[in-house]
Structure formats: structure tokens, C-alpha cells
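Below: the structure, in C-alpha cells.
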Amino acid sequence: MERLAKSLIALSRDGVFTRESLERVSGLGGSILDSFLNELINDGVITRVGEGYRVNMRPHALIKYFMSKGLSVDLEEISGFLPWDEFEALIRLIFEEWGFRVVSRLRVPVVGTRVEFDVIAYKEPRVLLIEAKRWRRVSSSLSVIVKRHLEKVELVSREPEVLMNRLGVDWGEALLIPVVVTWHRAYTEILNGVPVVSIYQVNSFIMELDAIIDYVRVFRVSWRGL
């Protein structure tokens, strides 16, 4: 089933596919393929269109669907089939399912400069400032990425009211937490106080955040409304 899921994600770029194309890409056919297609139709994932099928989900939602079914979707292997914004969209989707409010590509003018965050997920009192990195392998420049990300978060922490006003947050106090999320399949590690989390481990990271918070770099900020 994992092979079928991977093949469908690859074909979903075109929106419409045929049974024959899915069989050719996956190398699977017969009753296994028929059962797979029927389940997707019943779940509203695909719709029959003439001699083919239309995918009703964007790739990130399709990935999340298969993951919710317990299938192991090799994100490293399929990353070449997906546009960059689908990776960020998948991160957003996971955090939203945990009750976070989420924004992407937010630019914040602070301390005479402007910084941008790929994804920001926030739920009182925490604001997770996320750097999304689509590496196929662990990059040797990871320490540099973490250092630069920390610098951005530190700048924002000097004038937190600017960020909070952009987010529409009026808590008065918050915990800013820098996080790096990557494509590669690996365990979560904490580098210089910054959690470096595989996309596979985001759910676990959210569940375990309370337990590891003492080991994470946290910027405690307070502000008054602008």
C-alpha cells in the first residue's frame, strides 16, 4: 500500500490520473489496486472522471491522509515531486490539527531590519517560530542554520509587540520558541537549545514539548498593545 500511496502522490501533481498510470508507476495491479482506488473514492480523496480519476486534495493534505491511515510515506523519496510550499503547508496542517493558529511567510520589521519566518504556530502562551528546511540528508550547515534562526528570534524578542500585533495576539506575555523542521527521517535533536525536528516527528514533538521545555531555548517576552 505504501508503494501505491507514494505513486499516487507523485501523480497528483497533474490532478488527473488513470488506473493504468497508477499501475505503471507503482508496479501493482489487480485486486490490490482496485481496493485502493475504491477506498479513496469512498473517503472522497479521488473522484471518477471519465476513464480516469481526479485527486481532490493538494499533495500536503494527501500525505497527511495516508499518514493518518498508518502508512509510511517516505517524504525524502517523494520530495522531488512536491513544490516547496507543500512542505510548509504540511507543517501548517499538522499544527492546526493540534489547535494552533498558524501563519506562513510572515515578515516582521524589528530593530532597524526585517526578518521572515517560514511558519509561525501559536497557542497561548507559546509562539513557535519555525524554520522549514527541505533537506534530503542532514546538512553539514545545520549549525549555521540554527545560529541564524536564533539570531532572528532574538531580534524579534527585543520588540515583541511588533510580532504580536501582526499575529493579532493580546496575551501580554508569551514564550517564543525557535524550531527547525526538516524533511529527513531522523530523531528529534536539540542543537544549541533549538529543537531540530523531522517532519515525521512533528506530532511527537508537540506531544513531548512540555517534557523537554527545560532543555529548549525559550525567549520570555512581555509587551503592551501598540
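The values are calculated or read from the model by the stated rules, or taken from the named source; none is laboratory data. What you see is a predicted model, and the numbers here were worked out from it, not measured in a lab. In this analysis, Cβ positions are derived from the backbone assuming ideal geometry, glycine residues included, and neighbour counts consider all displayed protein chains.
Counting only residues that are part of a loop (DSSP other than H, G, I, E, B) and in contact (Cβ under 8 Å) with a residue 40 or more places away in the chain, which one in the range 155-172 is surrounded by the fewest Cβ atoms within 10 Å (Cβ to Cβ)? Outline the logic, then answer.
Taking the range 155-172 as the starting set, the residues that turn out to be part of a loop (DSSP other than H, G, I, E, B) are 159, 168-172.
So of that shortlist, the ones also in contact (Cβ under 8 Å) with a residue 40 or more places away in the chain come out as 159, 169-172.
Working: 159: 15, 169: 19, 170: 10, 171: 14, 172: 13.
The extreme case among them is 170.
Residue selection: residue 40 fails the criterion of being in contact with a Ser or Thr (Cβ under 9 Å, 6 or more places away or on another chain), at pLDDT 90 or above, in a helix (DSSP H, G or I) and not aromatic (Phe, Trp, Tyr).
Restricting attention to the range 1-10 and to residues that are buried (at least 17 other Cβ atoms within 10 Å of the Cβ) and touching a residue at least 24 places away in the same chain (Cβ under 8 Å), the residue that is nearest to residue 53 (Cα to Cα) turns out to be 8. Name the single residue that is surrounded by the fewest Cβ atoms within 10 Å (Cβ to Cβ) among those in the range 19-45 being hydroxyl-bearing (Ser, Thr, Tyr) and within 29 Å of the chain's Cα centre (by Cα). Across the range 19-45, the extreme among qualifying residues is 21.
Selection over the range 92-111 of residues that are surrounded by 12 or more Cβ atoms within 10 Å (Cβ to Cβ) and farther than 16 Å from residue 168 by Cα gives a count of 9. Restricted to the range 196-210, and to residues there that are aliphatic (A, V, I, L, M) and surrounded by 20 or more Cβ atoms within 10 Å (Cβ to Cβ), the residue that is nearest to residue 125 (Cα to Cα) is 202. Residues in the range 183-195 that are closer than 19 Å to residue 98 by Cβ and crowded, with 20+ Cβ neighbours inside 10 Å: 195 alone.
Inspect the range 118-125 for any residue being more than 26 Å from residue 67 (Cα to Cα), among the aromatic types (Phe, Trp, Tyr), at pLDDT 95 or above and buried (at least 18 other Cβ atoms within 10 Å of the Cβ) and give the result as yes or no. Give the derivation first.
Going residue by residue through the range 118-125, those that are more than 26 Å from residue 67 (Cα to Cα) are 124-125.
Cutting the leftovers down to among the aromatic types (Phe, Trp, Tyr) gives us none.
Scanning the range 118-125, I find no residue that is more than 26 Å from residue 67 (Cα to Cα), among the aromatic types (Phe, Trp, Tyr), at pLDDT 95 or above and buried (at least 18 other Cβ atoms within 10 Å of the Cβ), so the answer is no.
Going by the conditions given, is residue 63 surrounded by fewer than 19 Cβ atoms within 10 Å (Cβ to Cβ), part of a helix (DSSP H, G or I), of a type in the set (Val, Ile, Thr) and not assigned by TED's automatic domain parsing to the domain that holds residue 182?
On the way: surrounded by fewer than 19 Cβ atoms within 10 Å (Cβ to Cβ): no; part of a helix (DSSP H, G or I): yes; of a type in the set (Val, Ile, Thr): yes; not assigned by TED's automatic domain parsing to the domain that holds residue 182: yes.
So residue 63 fails the test.
A single member of 221, 181 is touching a residue at least 24 places away in the same chain (Cβ under 8 Å) and more than 12 Å from the chain's Cα centre (by Cα), and it is 221.
Taking into account only those residues within the range 90-109 that are of a type in the set (A, V, I, L, M) and within 13 Å of residue 131 (Cα to Cα), which is modelled with the lowest pLDDT? Can you show your working first?
Of the range 90-109, the ones of a type in the set (A, V, I, L, M) are 90-91, 93-94, 102-103, 106, 108.
Add one more test, that the residue is within 13 Å of residue 131 (Cα to Cα), and what stays is 91, 103, 106.
On the way: 91: 88, 103: 96, 106: 94.
Among those residues, the one meeting the criterion is 91.
What are the residues in the range 60-84 that are of a type in the set (D, E, K, R) and either modelled with pLDDT of 80 or more or over 19 Å from residue 184 (Cβ atoms) (or both), if any? Before you say what the answer is, go through the steps one by one.
Initial filter on the range 60-84 (of a type in the set (D, E, K, R)): 64, 69, 74, 76-77.
Hits for the range 60-84 are 64, 69.
For the range 1-31, the tally of residues that are modelled with pLDDT under 90, part of a helix (DSSP H, G or I) and farther than 20 Å from residue 47 by Cβ stands at 3. For the structure I just gave you, tell me whether residue 48 is among the basic types (Lys, Arg), loosely packed, with under 13 Cβ neighbours inside 10 Å, at pLDDT 90 or above and over 30 Å from residue 124 (Cα atoms). It is true that residue 48 is among the basic types (Lys, Arg), loosely packed, with under 13 Cβ neighbours inside 10 Å, at pLDDT 90 or above and over 30 Å from residue 124 (Cα atoms). Look at (1) under 20 Å from residue 64 (Cβ atoms); (2) outside any strand (DSSP E or B); (3) touching a residue at least 40 places away in the same chain (Cβ under 8 Å); (4) of a type in the set (A, V, I, L, M, F, W, C) and you find that residue 150 fails only one, number (1).
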